[in-house]
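Okay, structure first, notes after.
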Amino acid sequence: MDFNSDVYSREKKFSSNLQLHIRKKEYPKIKQALRKEIHYPDYEIFLDAHDLCFIHKNLEFITSDYAEKKIDYVKSQTNITRITDLRKFIF
């Protein structure tokens with residue numbers, strides 16, 4: 001019971017802090033470029049982050065699927081300049 005209560009409480013806190021974003025544009029050329037190196041659905045998530053960069057200039061993207069070569073590729077194709085490996089935060 002304690003576990004279920006904790007999960008429910010965390011879900012409520014998460015939902016109250018969540019801000020949904022609907023992508024303003026589709027960026028077909030960037031999508032095509034990302035699909036060459038990044039698998040689905042990750043390239044869609046990167047496209048959402050790319051679109052958010054027009055609203056939040058200092059956006060930092062955090063991922064657990066970090067591969068230096070692919071991250072550099074994403075940075076070269078999008079407006080995302082800061083991509084951090086989530087594993088740096090796990091002790």
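No lab work stands behind these numbers, since they all come straight from the coordinates. Since this is a predicted model, take the numbers as computed values, not measurements.
Inspection of segment 54-72 finds a residue satisfying the criterion of being aromatic (Phe, Trp, Tyr), at negative phi and under 14 Å from the mean Cα position of the chain (by Cα). Restricting attention to segment 35-51, which residues are under 10 Å from the mean Cα position of the chain (by Cα) and either hydrophobic (A, V, I, L, M, F, W, C) or within 15 Å of Ile71 (Cα to Cα) (or both)? Correct list: Asp42, Tyr43, Glu44, Ile45, Phe46, Leu47, Ala49, His50.
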